[in-house]
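Taken together, the values in this text are just the output of simple stated rules run on the coordinates, not laboratory data. Since the structure is predicted, the reported quantities are computational estimates derived from the model, not experimental observations. When we count neighbours, we look across all protein chains shown, and the Cβ atoms used for this are built from the backbone with ideal geometry, even at glycine.
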Amino acid sequence: MFSGQLTFDWTEFPWGSDYYAEAGRMMPVDGLDQLRGFDAIYFGAVGWPSVPDHVSLWGLRLAICQGFDQWANIRPVHFLPGVQSPLRKADDISLDWIVVRENSEGEYSGLGGRNLAARGAGAEVALQTALFTEVGCERIIRFAFDLARTRDRVKLSSVTKSNAQQYGMVLWDDVFKRVSKDYPDVETESVLVDAMAAKFVLKPEDLSVVVASNLNADILSDLGSALAGSLGLASSANLNPEGRFPSMFEPVHGSAPDIAGQGVANPIGAIASAALMLEHFGLIDEAARVDAAISTVTGAGVLTQDIGGTATTDVVTEAIIDCLS
Ligand SMILES: NC(=O)c1ccc[n+]([C@@H]2O[C@H](COP(=O)([O-])OP(=O)(O)OC[C@H]3O[C@@H](n4cnc5c(N)ncnc54)[C@H](O)[C@@H]3O)[C@@H](O)[C@H]2O)c1
């Protein structure tokens, strides 16, 4: 790769829904121990109609993110040349923002339970509890402030639903206010998630870095990638910023069973995630080259069907590789 100046050692792990069919679990009992020694994890996507989604997600992706305390999930919303956005204003103005997702607690803490089913049909109850710790809020908010400082527009938007969720999300808001005092140079706003969804569509030019809880940022980042043209374009990094565990890089999208095996999936989200991994390794120029190759290829109109083209996954991938050599 890159004139032989840089090489990677890879180990592939066949963990996922096929593995589940054989082993009855999404990864081996010692899966995290097997991954622990790696510099990074490059993740595809998980999920298949044969396995309940909560089993596949908790058994693999969330097990890795939470087990390795990958508490910061970065999801850039990047508008590429040659890709038409459903937003008309994207033709006239430059749009580019980053969603920072709290990735270790919040609504995806797995706290709760189902009970009372023994009383008979119709009697079951379920509790799903969101967990907000001051430590968890503070570390992701500080991370997002630091990221905002690296951007042309030095602004951080915090998103909650603290009018309706008066405990965890009010704690988040309080921490945001407190931490913001340490960043007087960063412009801030606190926006409710429903209003932020509207803002993504109506006033995205006002966004730079958007920090939100696990669920809210998950939803907003899918909206962001759809506005950029397709879910197939969106990249992400699940970071353990302290470096105690390997970080994980993956496209935002899932396994797309509706188009699987047809050779039409957009590879850009996965390739752009590899660029985020290069950046994480400090290979800034190399990451920029990958991003530039993606832009060259979309700008030349080599597009998969989700963004209006006819090229296959392989054709787009080869075109990007050609731009790098
Ligand atoms: N990180 C993950 O591994 C992850 C994330 C989301 C969903 N999932 C799982 O994936 C499975 C399918 O879930 P879903 O359908 O809700 O979400 P999905 O992201 O797989 O698909 C949503 C829509 O986006 C399209 N799409 C996704 N990736 C694309 C690509 N690369 N190119 C073109 N179009 C693409 C799909 O065709 C589909 O129409 C489920 O089992 C779900 O649990 C996994």
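Find, among the chymotrypsin sites (Phe, Trp or Tyr not before Pro) in the stretch 189-293, those assigned to loop by DSSP (not H, G, I, E, B) with at most 11 other beta-carbon atoms within 10 angstrom. Within the stretch 189-293, no chymotrypsin sites (Phe, Trp or Tyr not before Pro) qualify (loop, at most 11 other Cβ atoms within 10 Å). Taking square-rooted eigenvalues a ≥ b ≥ c of the alpha carbon gyration tensor, is the stretch 1-160 rounded, prolate or oblate, where a/c under 1.5 means rounded and, failing that, a/b exceeding b/c means prolate? Judged from the Cα gyration tensor, the stretch 1-160 comes out oblate (a/c at least 1.5, b/c at or above a/b). Model label points for ASP69 and ALA197, set 7 angstrom from Cα along the Cα-to-Cβ axis, are 3.4 nm apart. Per-residue ellipticity at 222 nm computed for the chain from its helices equals -11000 deg cm²/dmol, with DSSP H segments shorter than 4 residues left out and the rest contributing -39,500 (n - 2.57). Couplings for the stretch 204-211, taken from phi via the Karplus curve 6.51 cos²θ - 1.76 cosθ + 1.60 with θ = phi - 60°, read x, 5, 8, 9, 10, 10, 10, 10 Hz in order; Gly and Pro are left as x. Taking 37 °C and 0.692 mPa s as conditions, the stretch 85-165 diffuses translationally at an estimated 199 µm²/s according to Stokes-Einstein applied to its Kirkwood radius (Cα pairs). Note on the chain: with a GNM built from Cα contacts shorter than 10 Å, the maximum mean-square fluctuation among GLN84, GLN128, GLN66 falls on GLN128.
Kindly identify the stretch 194-262 as rounded, prolate or oblate by the Cα gyration tensor criterion: order the square roots of the eigenvalues as a ≥ b ≥ c, call it rounded if a/c is under 1.5, otherwise compare a/b with b/c, prolate if a/b is larger, else oblate. Since a/c reaches 1.5 but b/c is at least a/b, the shape of the stretch 194-262 is classed as oblate.
Would you please state which residues of the stretch 207-232 a label at LYS89 would reach in this model, taking the label point 7 Å out along Cα→Cβ and a backbone N cut-off of under 11 Å? Hits in the stretch 207-232 for LYS89 at 11 Å: 207.
Please list, by residue number, everything in the stretch 188-204 whose backbone N is under 19 Å from a paramagnetic label point 7 Å out along Cα→Cβ of GLN128. The answer is 193-194, whose backbone nitrogens lie closer than 19 Å to the label point. Shape call for the stretch 213-302 from the C-alpha gyration tensor, a ≥ b ≥ c root eigenvalues: rounded (a/c under 1.5), prolate (a/b greater than b/c) or oblate? Verdict is oblate for the stretch 213-302. What FRET efficiency would be calculated for the residue pair PHE38, ASP146, taking the C-beta separation as r and a Förster radius of 22 Å, to the nearest 0.05? My answer for the efficiency is 0.30.
Extension gain, ASP53-ALA292: 0.36 nm per intervening residue step, less the Cα-Cα distance, totals 82.5 nm. Across the chain, the longest piece that holds none of the GluC sites (Glu not before Pro) lying in DSSP loops with up to 11 other C-beta atoms within 10 Å covers 13-241. For trypsin sites (Lys or Arg not before Pro), the sites in the stretch 170-216 that DSSP calls loop and that have at most 11 other Cβ atoms within 10 Å are LYS181. One decimal place: the segment TYR167-ASP182 gains 3.0 nm when fully extended, by the rule 0.36 nm per residue minus the C-alpha distance.
The 3J(HN,Hα) values that the Karplus relation (6.51, -1.76, 1.60; θ = phi - 60°) gives for the stretch 215-227 are, in residue order, 6, 4, 6, 4, 5, 4, 6, 5, 4, x, 5, 5, 5 Hz. Gly and Pro appear as x. In the stretch 1-54, the convex hull through the Cα atoms has an average projected area of 5.0 nm², a quarter of its surface area. Reducing the stretch 103-176 and the stretch 185-245 to their Cα centroids gives an inter-centroid distance of 15 Å.
A simple rule links phi to the HN-Hα coupling: the Karplus curve 6.51 cos²θ - 1.76 cosθ + 1.60 with θ = phi - 60°, which for the stretch 135-144 gives 4, x, 5, 5, 5, 6, 5, 4, 4, 5 Hz, with x for Gly and Pro. Ellipsoid semi-axes for the chain, based on the Cα gyration tensor and the rule √(5λ), read 30, 27, 21 Å when sorted largest first.
Considering only beta bridges that DSSP places wholly inside the chain, some 55 percent are antiparallel.
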